[in-house]
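Okay, so here's the structure we're looking at.
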Amino acid sequence: MAVSIAAMVAVFILGQVVLLIAIIRPARDGATQVPWWNVFTFGTLTLLFVVLTVRAETLWAANRFQGPSYDALQVEVVGQQYAWYFRYPGTDARFGIVRPELVDAAAGNPLGLDAKDPAARDDLVTSQLVVPVGREVNLRLRSLDVIHGFFIPGMRLKQNAVPGSVFNVHFTPTEIGRYPIVCSQVCGSGHYRMEAELRVVSLNEFSDWLAKHAPVAQVSQ
Amino acid sequence: MKRAAIPPSTTRFALRRIFSTHHHVIALQYGVLALLAVITGTTLSLFMRFHLAWPNLQLPFWGMIRPEDYLALVTMHGTIMVFFVLTVAPVSVWSNLVLPEQIGARQMSLPWLNACGFWITAAAFAVLVAAFFVPQGAPIGGWTAYPPLSAIAATGPGQGAGMDCWIASIGLFCLGSSCGAINMLVTITRERCKGMTLLRMPLTVWSWYTTAILSTIVFPVLLAAALLLLSDRHFGTHYFVPGGLIVAGKLLRQGGDGSPLLWQHLFWFFGHPEVYIAVLPAMGITSSILANFTRRQPGSYKLMVATTLSIGLLGLIVWGHHMFVSGMNPYAGMAFSLTTIAIALPSTVKVLAWLRTLWNGQTNRGAWRATPMLFTLGFISFFIAGGLTGPILAQPMLDSYLHNTYFVLGHFHLIMGMAVVFSMFAATYYWFPLMTGRLMSERLGQWHFWLSLIGAYAVFLPMHLAGLAGLPRHYAQMSGPTTHFGALQPLQREITYSAFLLGAAQLIFLWNLVRSWDHGIVAKSDPWNATTLEWAPPEWFAENHREVSVAPYVDGDRAVNANSAQWKSEQFPAPHRPPAE
């Protein structure tokens, strides 16, 4: 991004300066035709665009053309007007069945986990995204109502959560810290306050956090 | 035939014939509509800026702006500006005023359809503004109206009757624009006078031609999408709405497998060419005015035609760059980013051609101070500024940070908003004598220009910084439990102050417009020494109309001078000099 921005700022300043000089340049008799200058400028700019394009596509391919590694931490992100929910698959490493008709936030089941499904019983649903540092995270994005934009500015990560579909996006946090999660796709009157937090913690802290928040159902078994 | 020669009293008479099918009357009608729309849209944006700078203050005539009010303001501002200002002004106002004359035609091919186009568009505007007055007010989903937010009334205030108004308005607008575009296509194809070959048309006509082609392709698609959305809302279909949604705690529609992404594809298939529908005429006007004031042809004529066409055609296959993070296949994202960056090439050619025209031209003799020229230079400046952020946003990985942030706002407000609006100002100052027989005040025009230029940059450049800081658009407030956007509040204040300056500068323009209409300096025939045919005096037209042995535009001066000594003086060489055959 820095390269792109620097290049464009430079061209911007250059363009405005040439425009200004062209306007205030003192009068000269006879047409001064400088086609070679145009060809040269066009060639240079074309080269710049080609270089930026190659960089851009390489970066995009590296980030989006391949799925996460097999040992990536799996977390489901569910957007709803105006909150983010995060679901961890639990010890069985499987996301349990969810049913829209079972969704009842007031009863503590905001995602509609089906208690009859064993895989669902150990699923952990939180309002905070906590991940260990250095481990790849794969997010599966869903939405219960309208389109939401899952955006972690600190991770340079953005992907829409679209109802009716599941989209995956993966990243590897490298620095411990707290990062805001916001909504980047207008989703209704509370759009501006649809926020959550990403906490990147050490591996130990992550294990402790998981154990502490493990669903009661699992503990009782 | 020629408005320049008609005394102002006749103009008023023409205005009185409201339901005229004459293209000059329709041009004025579109002009009034665009002016009303731009005043409304600007006022809404000032309300937004006011709220962003002082979230807790009450607005006059409004009261406290709630978050949904803010989103309604955003949605209506965007819709009004994109459709009723940036489409109506470049495409409909000026083409109706000068296009037939520029190609030596006596009238539009389909004047009745043309008038229909205006009245449908006017109705569309009325229906849109009505959204403010229906229960729960105007829609809040942004001008792109992504379903399911736009498909389900329960998703928020304004998504009921207000959203229906929005859809009806857009549907009407598509119909109206299609009427206008069909008329324009037929007129340019069939009504050119003898000798006016395609490669002798002014570049304005070429840009309207390209625009009309784009319009006939994309507006029907948007119309279809609007109908499908309406059907989803009221007739229980599932084009865009998947089943199993839970809205406001209630389960809606168990079945159905509609795709919200389908709307985005249909909408942006229209939405991106729409940008070129607005910008291409502005480019044509820029080329023409530049040629006129520098007494040079704008670059190579054929190259300018080729770039106009290629920008238009490439514009049809780039819509996916609005959808890099929508969930679209990443391979498609790559393809769309390649086509998008490809547009930078013909755009670069155009800008370089303009710069070269300026460099070699005679602007240094003071001609650049003329108001049409000033605003044209403003267009070029904004086009460079807003254009250069295009290749940044076209990179999918960078866009996945910048998408829907203030960076995008800065980008498209510079290139689509300010650039096109400045070009419209240039056209107004330039062609004003054709409408009134008078000139607008140059002195007020210069004040208008400099204040607007400073105001516009002061508003939209800082938005790029806010975007780089990650601030998403459509945020009614920036304070929350976790975000750090509160630090951007001083920047928001600065933008708001600048927006007020920019808005105030437009009052100078309005005053100039109203005042000059009846009291401006009476213009001599062809006040800017132009060579395009809309300025030809009536006698010249009477003598030569449809009988020209030399193409009027191609070798303008010689042809005109042979017939009318008054129109052209020898000391002004023809600015456009397309290749002689």
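Couple of notes before you dig in:
- Computed over region B:303-367, Cα set: Rg, Dmax in Å: 16.7, 55
- Comparing B:Gln102, B:Ala226, B:Pro396 along the charge dipole axis of chain B, the residue lying farthest to the positive side is B:Gln102, per the Cβ-charge model.
- Beta bridge orientation in chain A: antiparallel %, DSSP, nearest 5: 70
- In order through region B:101-113: 3J(HN,Hα) via Karplus (6.51 cos²θ - 1.76 cosθ + 1.60), integer Hz, x for Gly, Pro: 5, 5, 9, x, 8, 7, 7, 6, 5, 10, x, 5, 4
- Database remark: amide H of B:His403 closer than 5 angstrom to no amide H (H placed geometrically; neighbours at sequence offset of 5 or more, or on other chains; Pro and chain starts carry no H).
- Per residue of B:393-406, other chain Cβ atoms within 10 Å of the residue Cβ number 6 on average.
- Toward the positive end of the charge dipole of chain B, with +1 on the Cβ of Lys and Arg and -1 on the Cβ of Asp and Glu, the farthest Cα among B:Ser169, B:Gln506, B:Ala122 is that of B:Gln506.
- Restricting attention to the protein assembly as shown, close to 75% of DSSP beta bridges with both partner residues there are antiparallel.
- Value of Rg to Rh for region B:438-478 (Rh from inverse mean 1/r over Cα pairs, i.e. Kirkwood): 1.28
- Peptide B:423-431 has a mean shielding of 0, counted as Cβ atoms of other protein chains within 10 Å of each residue's Cβ.
- Rounded to the nearest 20 debye, the dipole size of the protein assembly as shown about its Cα centre is 1820 debye, using +1 on the Cβ of Lys and Arg and -1 on the Cβ of Asp and Glu.
- On the principal axes of its alpha-carbon atoms, region B:11-129 has extents of 58, 25, 22 Å, going from largest to smallest.
- Each residue in A:Phe42, B:Phe240 was given a count of other beta-carbon atoms within 10 angstrom of its own, and listing them fewest first yields A:Phe42, B:Phe240.
- Close Lys pairs in the protein assembly as shown (alpha-carbon distance under 30 Å; sequence gap of 8 or more, or different chains): 16.
- Cβ crowding within 10 Å, taken as a proxy for footprinting-reagent exposure, orders B:Cys179, B:Cys174 from fewest neighbours to most as B:Cys179, B:Cys174.
- Prolate/oblate/rounded label for region A:90-207 (Cα gyration tensor, a/c 1.5): oblate
- Of the peptides A:201-211, A:87-97, the order by per-residue mean of other Cβ atoms within 10 Å, starting with the highest, comes out as A:87-97, A:201-211.
- Which of B:Tyr30, B:Tyr497 has the fewest Cβ neighbours within 10 Å, and the rest in rising order: B:Tyr497, B:Tyr30
- Kirkwood Rh and Cα Rg combined as Rg/Rh, chain A: 1.20
- In region B:316-472, the inverse of the mean reciprocal separation of distinct Cα atoms equals 17.2 Å; this is its Kirkwood hydrodynamic radius.
- Debye intensity ratio in log₁₀ form over the Cα atoms of region B:141-180, taken at each q of 0.15, 0.18, 0.27, 0.35 Å⁻¹: -0.37, -0.50, -0.85, -1.15
- Ellipsoid equivalent to region B:70-196 - semi-axes via the Cα gyration tensor, in Å: 36, 12, 11
- With the alpha-carbon atoms of chain B aligned to their principal axes, the span from lowest to highest coordinate is 79, 48, 47 Å, starting with the largest.
- Protection proxy ranking for B:427-433, B:242-248, A:115-121, using the average of other Cβ atoms within 10 Å per residue and placing the highest first: B:427-433, B:242-248, A:115-121.
- From helices alone, the protein assembly as shown scores -18000 deg cm²/dmol at 222 nm; the rule is -39500 (n - 2.57) for each run of n ≥ 4 DSSP H residues, then divide by the residue total.
- For the protein assembly as shown, convex hull volume per residue from C-alpha positions, Å³: 150
- When only alpha carbons of region A:67-151 are considered, Rg and Dmax amount to 12.9, 38 Å.
- Averaged over the residues of B:461-471, the number of partner chain Cβ atoms lying within 10 Å of the residue Cβ comes to 2.
- Global size of region B:112-268: 19.3, 69 Å for Rg and Dmax (C-alpha atoms, Rg to one decimal, Dmax whole).
- Overall Cα dimensions of region B:225-334 - principal axes, largest extent first, Å: 68, 31, 20
Read the figures in this text as sums done on the coordinates, not as results from a lab. Everything numeric here is computed off the predicted structure, so don't read it as measured data. Note: ideal-geometry Cβ built from the backbone for every residue, glycine included; neighbour counts use all protein chains shown.
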